[in-house]
Amino acid sequence: MFTVCGQCPSLHAEGLRQGCFPKIWKRVTAIPIIKPGKEDTTDPSKYRPISLINVGGKVWGKLLINRIMHNVYTNDLLSHNQFGFTPKKSTTDAAMAAKEFVEEGLRQGLITILVSLDVQGAFDAAWWPGILKTLQDFNCPRNLFYLTKSYFSQRTAVMTTNTLQVVRDVHRGLAADLDFGIFSATLYLIWNLENNPKQ
């Protein structure tokens, strides 16, 4: 055990340098959890899949996302209108910005229309080539780009029930387990950089 732990810093450093995410850490175990109030239905959407990810993969994911976000903040790439998954910003800040926008429109005698969307399954549909293209467009350091690309390649999900085990290749979407949520959320935020350009 000490040998493995002693090698972890060099393993992480080498992986970051080479842009290689270990394949063993790309396998997730999906646990289907029944959503509250939907226990009696036969609809498959009653389940919320929770992805359990290897601890080593979580550590690497956090290292990767911290470095990507350092690049994003250092180069001031985020739109000032981005509130979700953004440090030191909250829903209250978003509501206050909308309020100020409406008040300014009223002062100028303009008509203001507010449209609010809740995109269902946004994390499930996150398109990996779009995330990678955005990282390229925003001049993400090469090793971080390749590490992200490696993170997305050869991913598998395993779901086991009492009588069945199903293994599937994963080609889109972001894991949403509780500990790894910040990684998923930040990659989703990166994906939206192009759709929400800095103003």
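The values are calculated or read from the model by the stated rules, or taken from the named source; none is laboratory data. Source: prediction; values computed, not measured. Note: ideal-geometry Cβ built from the backbone for every residue, glycine included; neighbour counts use all protein chains shown. Just the protein is used for accessible areas: all its heavy atoms, side chains included, with ligands, DNA and RNA removed. Shrake-Rupley method; radii C 1.70, N 1.55, O 1.52, S 1.80 Å.
Worth a mention:
- Scanning the stretch 157-165 turns up one or more residues that are modelled with pLDDT of 85 or more, in contact with a Lys or Arg (Cβ under 8 Å, 6 or more places away or on another chain) and open to solvent by less than 20 Å² (accessible area, probe 1.4 Å).
- Restricting Gly19, Gly37 to those that are loosely packed, with under 11 Cβ neighbours inside 10 Å and among the small types (Gly, Ala, Ser) reduces the list to Gly37.
- Top-ranked residue in the stretch 166-183 [being open to solvent by 70 Å² or more (accessible area, probe 1.4 Å) and of a type outside the set (A, V, I, L, M, F, W, C); ranked as modelled with the lowest pLDDT]: Asp179
- First in the stretch 132-144 and outside any loop (DSSP other than H, G, I, E, B), second anywhere and modelled with pLDDT under 85 and among the aromatic types (Phe, Trp, Tyr), Cβ under 7 Å, 6 or more apart: Thr134/Trp191
- Restricting the stretch 22-31 to residues that are open to solvent by 50 Å² or more (accessible area, probe 1.4 Å) and over 17 Å from the mean Cα position of the chain (by Cα), the residue that is farthest from Arg142 (Cα to Cα): Ile31
- Residue within the stretch 116-126 that is closer than 16 Å to Leu64 by Cβ and touching a Lys or Arg at 6+ places or on another chain (Cβ under 7 Å) present: yes
- Residue check, Lys58 of a type in the set (Lys, Arg), in contact with a helix residue (DSSP H, G or I) (Cβ under 7 Å, 6 or more places away or on another chain) and in contact (Cβ under 8 Å) with a residue 60 or more places away in the chain: no
- Beta carbons closer than 7 Å, at least 6 apart along the sequence or on distinct chains, pair a first residue in the stretch 2-30 that is within 30 Å of Arg48 (Cβ to Cβ) with a second that is at pLDDT below 70 for Val28/Ala175.
- For the stretch 40-68, a tally of residues being open to solvent by 60 Å² or more (accessible area, probe 1.4 Å) and farther than 16 Å from Asp124 by Cα returns 9.
- The stretch 138-150 - residue that is within 21 Å of Leu78 (Cβ to Cβ) and of a type in the set (Phe, Trp, Tyr) and, of those, farthest from the chain's Cα centre (by Cα): Phe138
- Taken residue by residue, the stretch 70-81 has at least one member that is in contact (Cβ under 8 Å) with a residue 12 or more places away in the chain, surrounded by 15 or more Cβ atoms within 10 Å (Cβ to Cβ) and in a helix (DSSP H, G or I).
- Of everything in the stretch 82-102 that is of a type in the set (A, V, I, L, M, F, W, C) and in a loop (DSSP other than H, G, I, E, B), the residue that is nearest to Cys20 (Cα to Cα) is Phe85.
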